[in-house]
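Written below as structure tokens is the structure these notes are about.
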Number of protein chains: 2
Amino acid sequence: MEENKHVTIYDIAERLNLATSTISRALKDHHTISDKTIKKVKKTAEEMGFVPNTLAAGLRGNKTRTIGVLIPTVTQPFLSSLISGIEITAQKSDYTVIIMQSHDSYEEEVNMAKSLYSNRVSGVICSLAMETRDTAHFHQFSNNNIPLVFVDRVPKDYNTFRVVIDNYTAGYKATKHLIEQGCIRIAHLTAGSELGNLYNERKRGYIEALKDHNITVEEELIINLNSVTYEDGVKASNALFDLKPMPDGLFAPGDILAVSAVQTAKKRGIKVPEEFKVIGFNNDPISQIIDPNLSTITHPAEKMGKAAAEIIIKNLKSSKNDDAKEITFLNTEVLARESSQK
Amino acid sequence: MEENKHVTIYDIAERLNLATSTISRALKDHHTISDKTIKKVKKTAEEMGFVPNTLAAGLRGNKTRTIGVLIPTVTQPFLSSLISGIEITAQKSDYTVIIMQSHDSYEEEVNMAKSLYSNRVSGVICSLAMETRDTAHFHQFSNNNIPLVFVDRVPKDYNTFRVVIDNYTAGYKATKHLIEQGCIRIAHLTAGSELGNLYNERKRGYIEALKDHNITVEEELIINLNSVTYEDGVKASNALFDLKPMPDGLFAPGDILAVSAVQTAKKRGIKVPEEFKVIGFNNDPISQIIDPNLSTITHPAEKMGKAAAEIIIKNLKSSKNDDAKEITFLNTEVLARESSQK
DNA sequence: TATTTTTACGCAACCGATTGCAATTGTTGT
DNA sequence: ACAACAATTGCAATCGGTTGCGTAAAAATA
């Protein structure tokens, strides 16, 4: 038990007086190996504590059965659910998942992409960093036939797989919901990001919903944020509450922002939802904790993860280098809870 | 740009009429290679889009500069902060981090451990799954001289590095704080886990604090949970509120549980902190969102991550197989906020 | 029994970077 | 100008599975 050397197929081969090729094949139930030998090899491998060296296999076969996941952070509920979905699907097909965080930094994203490529992952699933404006660092995957799937925060003009929600429609639905609840002066927070156009899309839905209901779009009610953080949300909320007349509703494109607005309102003695109705986005766990419970838009994170992983695996299986890099759209729904009730 | 083959040092060697050994050395500034050659090689490598194949290097050198992180889930704030700490330290020494989730399942933990070993990680940082009772699947690391550090949820009798907080003292401090705030009938939630003895330790601290302040320990005030979830917290809280006389304080060994208690109290019209004071554990982000703000015990997640990674890296550097597998204790503090105020 | 077809296994090259040692070129001293 | 030594670079084995092809043995057919 106290050896200090990895057990290899050579060790097994020597012990059983067989060739390493036989061991290798036996371990994966190759049909040219007799059942008797297979059983014997497996038993011995087990006894000797053999664990295959994936580096060697990956080097030789140039495939590692590993899916690289490159996301801004694992802490956002949406993203950790995404991971969860990826893992569930990957595990079914015996793929390993390795996770790397860009921390929304372009530089880190470039480094981690290189690292994933360096590790010869079989496929890559990525949600872009906020900072990222240029996607040249993903060419190494595309050029080498490594399937690449962007999820949620996707580049606009990159011919590869994408799994997204229809942010325009979601924004429209959210705003329409507030209108139906009686709001006539609805504010909106947004964030500028040229590549990940999802905030722009949500904003577009917001504007279109207002127009469709004959509500004038007022620039002062639309606040552009630098970052989607609690602090920025508080700042923006205060700015909104300082307006007169005050807005009577808010569509926040993220639950953290929505929560910050609710809490800022409470601090200022503004009653939610009586005086100010709020709807968020994502259905983060926190939306059910905060008082009043937050209305929100569902974001099918786990499903998106599963879809992305399935695309990778399917693509790897067929290995047809078909140029049809389709975009997968998943549905969202309005979850009407307390914070937006009439 | 449309090649379909990875660029290798052989390609560079051919282009420059040099040996692969020279390329290899030049790329890592080996002193036996002239500056002129180094410059030339690096420039060409850059031009050709060379990215080293870590599989090949790892296979040959039997070291991958990769730290495997095996934790229950990435979604818990404590654990994602832990990861963050690990990454910061790893990056400084140019190590790659790969993250795997056991989902608190023993079986998955065993599989992922095998996978990490199979990938020949240089070191392993692990926080045990709730289900885990047996740690034999970690022997493969210990036996092969792969540094192994357990963090937070650690096995009691395993001779390896451990990074933990003093859960006993933390529990003592939390309880003492409630007593100082005037509580005389303090409830406690706990969870049974033989290996990860941290809940037991906190409970021990709770009991000792009561004793030291001449408060009788009452069994009915201590509720044993199956799982540390919001739902179980609600159930337990209701049970506590049904008691008469009702407890006037609660030390919950996790913020989720504390939050569930606060919300259950609110639902039943029990005023927090006036009638019922609560202190949680971990200082999760949610503790600052909930109203009233939650008093809690800090859990230095990022520091623990950094410490664990440093141990791995230091151990790998010295490669002295010293048998001193010390246990690192980090400090915790009482964070007195609204939910426990007099 | 001789011959063809299966079945089962062995041989050896290969993946790409690393490294001990040998070989070559360049420098310095006498 | 030549030996002695230092500075560079090349050769070839190595890490551990994988796989195309070849071959011996067993089974099927003539």
- Query: Being more than 9 Å from DNA strand C (Cβ to nearest atom), small (Gly, Ala, Ser) and within 8 Å of chain B (Cβ to nearest Cβ), is that true of even one residue in region A:65-74?
  - Reply: no
- What are the residues in region B:1-23 that are surrounded by 15 or more Cβ atoms within 10 Å (Cβ to Cβ) and part of a loop (DSSP other than H, G, I, E, B), if any? B:His6, B:Val7, B:Thr8, B:Leu18
- Query: Within region A:108-118, can you find the residues that are more than 8 Å from chain B (Cβ to nearest Cβ) and either touching a strand residue (DSSP E or B) at 6+ places or on another chain (Cβ under 8 Å) or in contact (Cβ under 8 Å) with a residue 24 or more places away in the chain (or both)?
  - Reply: A:Glu108, A:Glu109, A:Val110, A:Met112, A:Ala113, A:Leu116
- Query: Is it the case that B:Ile125 is more than 7 Å from every other protein chain (Cβ to nearest Cβ), closer than 24 Å to A:Gln91 by Cα and away from DNA strand D (no atom under 16 Å from the Cβ)?
  - Reply: yes
- Item | Among (1) within 11 Å of DNA strand D (Cβ to nearest atom); (2) hydrophobic (A, V, I, L, M, F, W, C); (3) out of contact with any Leu (no Cβ under 8 Å at 6 or more places or on another chain), the one test that A:Leu55 misses | (3)
- Got at least one residue in region B:162-173 being buried (at least 17 other Cβ atoms within 10 Å of the Cβ), in a helix (DSSP H, G or I), without any contact (Cβ under 8 Å) to a residue 40 or more places away in the chain and of a type in the set (A, V, I, L, M)? no
- Query: With respect to the numbered conditions (1) within 12 Å of another protein chain (Cβ to nearest Cβ); (2) in contact with a helix residue (DSSP H, G or I) (Cβ under 7 Å, 6 or more places away or on another chain); (3) within 13 Å of DNA strand C (Cβ to nearest atom), which one is the sole condition not fulfilled by B:Ala57?
  - Reply: (2)
- Message: Suppose the filter is part of a strand (DSSP E or B) and of a type in the set (S, T, N, Q); does B:Thr328 pass it?
- Response: yes
- Task: Filter region A:24-44 down to residues that are within 7 Å of DNA strand D (Cβ to nearest atom) and surrounded by 17 or more Cβ atoms within 10 Å (Cβ to Cβ) and give me whichever is nearest to the other protein chains (Cβ to nearest Cβ).
- Result: A:Leu27
- Only one of (1) within 23 Å of B:Ala336 (Cα to Cα); (2) surrounded by 14 or more Cβ atoms within 10 Å (Cβ to Cβ) is not met by B:Gly182, so which one is it? (2)
- Task: Check whether at least one residue in region A:183-191 is free of Cβ contacts under 8 Å to residues at least 40 places away in the same chain and not in a loop (DSSP other than H, G, I, E, B), and report yes or no.
- Result: no
- Single condition B:Arg153 does not satisfy, out of (1) closer than 30 Å to B:Ile312 by Cα; (2) in contact with a His (Cβ under 9 Å, 6 or more places away or on another chain): (2)
- Note on the structure: Scanning region B:71-104 residue by residue, the ones that are without any contact (Cβ under 8 Å) to a residue 12 or more places away in the chain and aliphatic (A, V, I, L, M) total 0
- Message: So, A:Ser34, is that one among the small types (Gly, Ala, Ser) and at pLDDT 95 or above or not?
- Response: no
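The values are calculated or read from the model by the stated rules, or taken from the named source; none is laboratory data. Everything numeric in this text was worked out from a predicted model, so none of it was measured. Positions of Cβ are backbone-derived with ideal geometry, glycine not excepted, and every protein chain shown enters the neighbour counts.
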